[in-house]
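See below for the structure under consideration.
The values are calculated or read from the model by the stated rules, or taken from the named source; none is laboratory data. All values reported here derive from a predicted model rather than from experimental measurement. Counting neighbours? That spans all protein chains shown, and the Cβs are built from the backbone with ideal geometry, glycine included. Just the protein is used for accessible areas: all its heavy atoms, side chains included, with ligands, DNA and RNA removed. Shrake-Rupley method; radii C 1.70, N 1.55, O 1.52, S 1.80 Å.
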Amino acid sequence: MALLDASGIRKVFDLAAKLKDPINLSIGQPDFDVPEPIKDQAIHAIRQGQNKYTQTQGTSELRSAVADICTQELGWQPENFDCMIASGVSGALLLAMLTLVNDGDEVVFADPYFVMYSHLVNLGGGVPVPVDTYPDFRPDPNRIADAITDKTRMLIINSPSNPTGAVYTEGELKDIAEIASKRDLLVISDEIYNLFCYDQPFVSMASVYENTLLMRGFSKSYAMTGWRLAWCAGPKAIINKMSMLQQYTFVCAPSMAQAAGITALETDVSGYAADYKKKRDMVCDALSETFGLIRPGGAFYAFVPAPGGNATEFVTKAINKNVLVIPGNVFSLKDTHFRLSYATSDEKLEKGLEILCKLAK
Ligand code: PLP
């Protein structure tokens, strides 16, 4: 617990609490609501009595829908993998870290990173090894290879990325796969933003490297953040151990969310992704020149260089002008950038961008 630190983000929220009607560009969840057919299915499931514990690994119906994705989309052979339903990708990550990481094991991931990675690796007794990807947030194979040691247990990749919005190309994924395969290292692929990919078709790590533990969620794609639902697929032995641990921790993912999850997987959310693509373009049009922003290809974030190179200082100024963004040191060893979430209305986004540009001049 002594290694956990929430001071960076707490400072932002403390400042934000004093604001009346802030332009909030700090939110890590969609601004649209759960599509109606998914809500209807959850309500129907509750009324039908699907309110009890489910099987620990998840209902057979949802697991079968997930297995179909793995075989049809990713070309996995059913006899080589297994899948489970978890309480969010957060839940799957926690189970994976506690299952796989021994004391002193090193876990390699890109810096900037999703905040949970370093904390969960620490919780498992491991050592987080962030690999610098500045200034363009591409995964440089030399830097990754240099970070691998005898103690490396696994890599975590996250494409599209929170907080940078970087989407890895097939070539980049193959480079990572080549490095990992030399030591037969497991790669955890956190693909929670896979449906928010704007300039190129999404490529999964699981389609280029077999020793992948794949995680996808419902939180971002279907705005089901409060429903706590995700799936995880990969080597049978690992999924079995994670399920065993789930039995003694989460027990199961919420039953009505699992029932509605099947409907979610059949729901087309491309309209929402198209909306976010437009918002991404708005952000790039406004900030590329003034801030030197590198165009993010996915998720709903931009990781923007802070004028003067000090993110905390710039974020404080922005908050004083009623705009909420998050300083880079929450997601990184550096504090040179800030994260802007464009999951908000066009009006708020436009206003916020205008204020940020004025501050930069
Ligand atoms: N992984 C990444 C990269 C995220 O950004 C988030 C949420 O912000 C999560 C995992 C956790 O999502 P869930 O709601 O499925 O636990």
- Starting from residues that are away from the ligand (no atom under 13 Å from the Cβ) and open to solvent by 10 Å² or more (accessible area, probe 1.4 Å), keep the ones in segment 201-221 and report whichever is farthest from Gly75 (Cα to Cα). Pro201
- In segment 222-236, how many residues are surrounded by fewer than 19 Cβ atoms within 10 Å (Cβ to Cβ) and touching a strand residue (DSSP E or B) at 6+ places or on another chain (Cβ under 7 Å)? 2
- Query: How many residues are touching a helix residue (DSSP H, G or I) at 6+ places or on another chain (Cβ under 9 Å) and without any contact (Cβ under 8 Å) to a residue 12 or more places away in the chain if we restrict to segment 324-361?
  - Reply: 0
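Given the options Ile192, Ile188, name the one that is in a strand (DSSP E or B) and within 14 Å of the ligand (Cβ to nearest atom).
Matching residue, one of Ile192, Ile188: Ile188.
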- Restricting attention to helices (runs of 4 or more DSSP H) lying wholly within segment 254-356, give those where 3 or more residues are under 30 Å from Lys39 (Cβ atoms) and open to solvent by 50 Å² or more (accessible area, probe 1.4 Å). 270-291
- Item | Residues that are touching an Asp or Glu at 6+ places or on another chain (Cβ under 9 Å) and within 16 Å of the ligand (Cβ to nearest atom), drawn from segment 75-91 | Val89
- Among the residues of segment 148-182, count how many are touching a residue at least 40 places away in the same chain (Cβ under 8 Å) and closer than 23 Å to Gly328 by Cβ. 13
- Item | Subset of segment 7-32 [closer than 22 Å to Val283 by Cα and outside any helix (DSSP H, G or I)] | Asp21, Pro22, Ile23, Asn24, Leu25, Ser26, Ile27, Gly28, Gln29, Pro30, Asp31, Phe32
- Picking from Ile239, Ile188, which residue would you name as being of a type in the set (A, V, I, L, M, F, W, C) and buried (at least 24 other Cβ atoms within 10 Å of the Cβ)? Ile188
- Taking Ser243 as meeting all but one of (1) away from the ligand (no atom under 16 Å from the Cβ); (2) more than 21 Å from the chain's Cα centre (by Cα); (3) not in a helix (DSSP H, G or I), write down the number of the exception. (3)
- Note on the structure: Val167: passes all of (1) within 14 Å of the chain's Cα centre (by Cα); (2) more than 21 Å from Pro130 (Cβ to Cβ) but (2)
- Message: Please determine whether any residue of segment 125-142 is away from the ligand (no atom under 13 Å from the Cβ), surrounded by fewer than 17 Cβ atoms within 10 Å (Cβ to Cβ) and either at pLDDT below 95 or at positive phi (or both).
- Response: yes
- Query: Of everything in segment 92-120 that's within 25 Å of Phe331 (Cβ to Cβ), open to solvent by 40 Å² or more (accessible area, probe 1.4 Å) and out of contact with any Leu (no Cβ under 7 Å at 6 or more places or on another chain), which residue is nearest to the ligand (Cβ to nearest atom)?
  - Reply: Phe114
